[in-house]
Amino acid sequence: MLMAPLIAIKNLSKSFATQAGNVDVLHDINLAIEDGESIAIVGPSGSGKSTLLSIIGLLETFQAGSFQLRDHAVDELTDRQKRIIRNQHIGWIFQNFNLLPDLTAWENVALPLKFNQSINRQHYFSLALEALERVGLIDKAKSFPTQLSGGQQQRVAIARALVTKPGLLLADEPTGNLDSESSKTIVDLLTQLAQEGSAVIVVTHDDSVARRCSRRLTLNSGRLVDEN
Ligand SMILES: Nc1ncnc2c1ncn2[C@@H]1O[C@H](COP(=O)(O)OP(=O)(O)OP(=O)(O)O)[C@@H](O)[C@H]1O
Ligand SMILES: [Mg+2]
């Protein structure tokens with residue numbers, strides 16, 4: 001049997017209710033994404049990039065249109081089902097790394113496994129160590145975030161995102177706080193993950209990051225304006 005596409009979004013619109021009334025943020029988005037694609041989302045500040053990423057990551061809802069995530073109609077999922085899909089199939093990487101300061105690199109990476117009931121407790125730390133090895137930081141396993149450089153912290157965050165072997169990796173400005181050498185390392189890792197079959201979606205203002213992706217989507221005032 002043919003597998004459904006990873007992501008199929010049709011005529012999706014999103015608005016936020018604020019005290020000043022409804023703010024329309026995304027208009028009539030149509031988008032299909034397959035496994036193994038690396039996609040850059042670019043566009044001006046306020047154009048809706050993070051909002052679109054949050055919808056794809058099941059953190060935000062939408063008002064109109066449809067979003068099919070593999071076999072799931074997303075608007076029919078319960079909060080509990082969304083939580084399980086997020087934990088098992090989606091990895092997030094943020095601009096400011098979001099590591100917990102009181103945990104070591106190793107413990108930070110092991111954290112998503114604790115919420116994953118399909119993984120045996122005894123395997124947490126060996127899986128976390130494997131993920132740290134993957135990003136070249138096995139020697140920093142016992143370091144705390146403040147003892148690491150920005151680029152190293154982001155590699156820990158990537159290890160945390162990939163420790164559950166998710167099919168979908170979402171990154172919001174992952175290189176925004178890094179020098180060009182460290183950003184290259186991060187993009188190398190993300191494109192490698194795409195080559196291994198995960199879909200990787202990166203919101204970025206950095207053209208050198210966008211150029212490395214297999215596809216570029218441009219958002220302008222909440223509309224996808226072109227695709228190449
Ligand atoms: N929770 C919210 N409530 C009301 N408006 C919101 C909310 N979140 C985002 N917005 C509005 O939606 C629009 C898109 O925001 P979004 O964060 O998606 O932009 P962005 O393209 O990621 O911008 P940037 O490049 O600055 O990160 C903005 O006008 C923003 O003010
Ligand atoms: Mg944003």
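The values are calculated or read from the model by the stated rules, or taken from the named source; none is laboratory data. The structure presented is a predicted model; accordingly, all values stated were derived computationally and were not measured. Here Cβ is always computed from backbone atoms with ideal geometry, including for glycine, and neighbour counts include all displayed protein chains. What goes into the accessible areas is simple: the full protein's heavy atoms, side chains included, and nothing from ligands, DNA or RNA. Shrake-Rupley method; radii C 1.70, N 1.55, O 1.52, S 1.80 Å.
Can you find a residue that is open to solvent by less than 40 Å² (accessible area, probe 1.4 Å) and under 21 Å from Leu190 (Cβ atoms) anywhere in segment 58-80?
The answer is yes; a qualifying residue exists.
Any idea which of (1) free of Cβ contacts under 8 Å to residues at least 12 places away in the same chain; (2) over 16 Å from Leu170 (Cβ atoms) is the one Ser118 doesn't satisfy?
(1)
Quick test for you: out of Ser143, Ser182, pick the one residue that is over 30 Å from Ile29 (Cβ atoms) and assigned to a helix (DSSP H, G or I).
Ser182
Of the numbered conditions (1) within 16 Å of ligand 1 (Cβ to nearest atom); (2) on the phi > 0 side of the Ramachandran plot; (3) in contact with a strand residue (DSSP E or B) (Cβ under 8 Å, 6 or more places away or on another chain), Asn11 satisfies every one except a single condition; which is it?
(1)
Which condition breaks for Pro166 when tested against (1) modelled with pLDDT of 95 or more; (2) in contact with a strand residue (DSSP E or B) (Cβ under 7 Å, 6 or more places away or on another chain); (3) away from ligand 1 (no atom under 16 Å from the Cβ)?
For Pro166, the exception is condition (1).
Just for segment 39-52: of the residues that are open to solvent by 10 Å² or more (accessible area, probe 1.4 Å) and not in a loop (DSSP other than H, G, I, E, B), which one is farthest from ligand 1 (Cβ to nearest atom)?
Looking at residues that are open to solvent by 10 Å² or more (accessible area, probe 1.4 Å) and not in a loop (DSSP other than H, G, I, E, B), I get Val42.
Looking at segment 174-210 only, could you name the residues that are open to solvent by 10 Å² or more (accessible area, probe 1.4 Å), within 13 Å of ligand 1 (Cβ to nearest atom) and farther than 16 Å from Arg155 by Cβ?
His205, Asp206
Please go through segment 15-38 and pick out each residue that is part of a strand (DSSP E or B), open to solvent by less than 60 Å² (accessible area, probe 1.4 Å) and under 25 Å from Val209 (Cβ atoms).
Val25, Leu26, Ile29, Leu31, Ala32, Ile33, Ser38
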